Amino acid sequence: MAVRKENFLSLFSQYLMLLLVCFSYCCHASSKWPVRYLPGFNGPLPFYMETGYVGVGESDEDQLFYYFVKSETNPREDPLVVRVPGGPGCSVSSPLIIEYKEYNGSIPGLLLNPHSWTKIANIIFVDSPVRTGFSYSKGNKKSGDFKASKELYQFLRKWLDDHPEFLSNPLYIAGCSYSGLIVPIGYSLGNPFTDYRIDQNGAIPFVHGMGLISDELYENNF
C-alpha cells in the first residue's frame, strides 16, 4: 500500500518521539535519562541527548515532556535555547533528519542534520503547554496562554536546578506560530502568531511591500 510522504513523516516522527517517551517513563520527573541509540541511526549518537518529564503547576500535577541536546561545539559557553513548538506542522531544527529514499516497509534511516541549531547551541525541546505532544496533566484544570507561560517559566527553573552547569550560559526562548502568544519578551520567533486582527489584515500590505502584487492591484483592493 502506498504511503503519502507527509503521512509517513508524521507517523515516523510520532514513532521516534514515542521511543523517547518510553525512555523517560523509566525515571521520575526532573531526572536525567540519556539516550545513546535510536532506531534507524547507525551506531551511537555523536552528541549528548537526554529526555524526561518535569513536574509543574500545583503539586506537580502537570508534567512537561522534553528532550535536550547539548551543543556540538562548546556546551559550557554556547547559548541555552528553550524551543517551544507552535501549531500543527511547525518544524524544529533537530540534529537528525530522515534519510529520503523509497520506502520498503522497514524503519527509515536517520542522518545527521548539518544545519541543526545544536551545532552552536544547547537546546531544550519542550512540549508546552501541557497536553501538547507527550506532556500530560494529572488534574482536570484547563490550560491557557498565561498558565502555559507560567508553567514554562517554572519548568525552566526546575530544569536549571537539575542542570546547574548551564546557569551562566546566555539564555534564549524560541518558538514559532502560536508560540508567539506563549513565550516571554526577549525571544526568537519564526512565522509567529501574535494578534489575529493585525496578522490577518497585515498580509496584503506585506505582500505588496515585498513586490509580490502590483501597486495598481494593491490600491484597488485595499
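The values are calculated or read from the model by the stated rules, or taken from the named source; none is laboratory data. Values in this document were obtained by computation on a predicted structure and should not be read as measured data. For neighbour counting, all protein chains shown are included, and Cβ atoms are generated from backbone atoms with ideal geometry for every residue, glycine included.
Some values worked out for this structure:
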{"quantity": "Where a residue in the range 50-66 is of a type in the set (Asp, Glu) and its partner, wherever it lies, is part of a helix (DSSP H, G or I), with Cβ under 8 Å and at least six apart", "calculated": "Asp62/Glu151"}
{"quantity": "Some residue of the range 98-114 being under 13 Å from Ser179 (Cα atoms), aromatic (Phe, Trp, Tyr) and in the same structural domain as Arg36 (by TED's automatic domain parsing)", "calculated": "no"}
{"quantity": "Matching residues, the range 112-133, being among the hydrophobic types (A, V, I, L, M, F, W, C), touching a residue at least 40 places away in the same chain (Cβ under 8 Å) and not in a loop (DSSP other than H, G, I, E, B)", "calculated": "Leu112, Ile123, Ile124, Phe125, Val126"}
{"quantity": "Any strands (runs of 3 or more DSSP E) falling wholly within the range 1-87 and containing at least 2 residues that are under 22 Å from Tyr136 (Cα atoms) and at pLDDT below 90", "calculated": "80-84"}
{"quantity": "Qualifying residue in the range 78-95 (condition: in the same structural domain as Leu167 (by TED's automatic domain parsing), of a type outside the set (A, V, I, L, M), crowded, with 19+ Cβ neighbours inside 10 Å and touching a Leu at 6+ places or on another chain (Cβ under 8 Å))", "calculated": "yes"}
{"quantity": "Identity of the residue in the range 199-222, at pLDDT below 75 and surrounded by 10 or more Cβ atoms within 10 Å (Cβ to Cβ), that ends up nearest to Cys176 (Cα to Cα)", "calculated": "Asp199"}
{"quantity": "Subset of the range 133-160 [among the charged types (D, E, K, R) and touching a Leu at 6+ places or on another chain (Cβ under 9 Å)]", "calculated": "Asp145, Glu151"}
{"quantity": "Verdict on Val56 being surrounded by 15 or more Cβ atoms within 10 Å (Cβ to Cβ) and touching a Phe, Trp or Tyr at 6+ places or on another chain (Cβ under 6 Å)", "calculated": "yes"}
{"quantity": "Number of the condition not met by Val183 [criteria: (1) over 18 Å from the mean Cα position of the chain (by Cα); (2) modelled with pLDDT of 70 or more]", "calculated": "(1)"}
{"quantity": "Residue list for the range 134-173, restricted to those being in contact (Cβ under 8 Å) with a residue 60 or more places away in the chain, under 15 Å from the mean Cα position of the chain (by Cα) and under 25 Å from Asp195 (Cβ atoms)", "calculated": "Leu152, Tyr172, Ile173"}
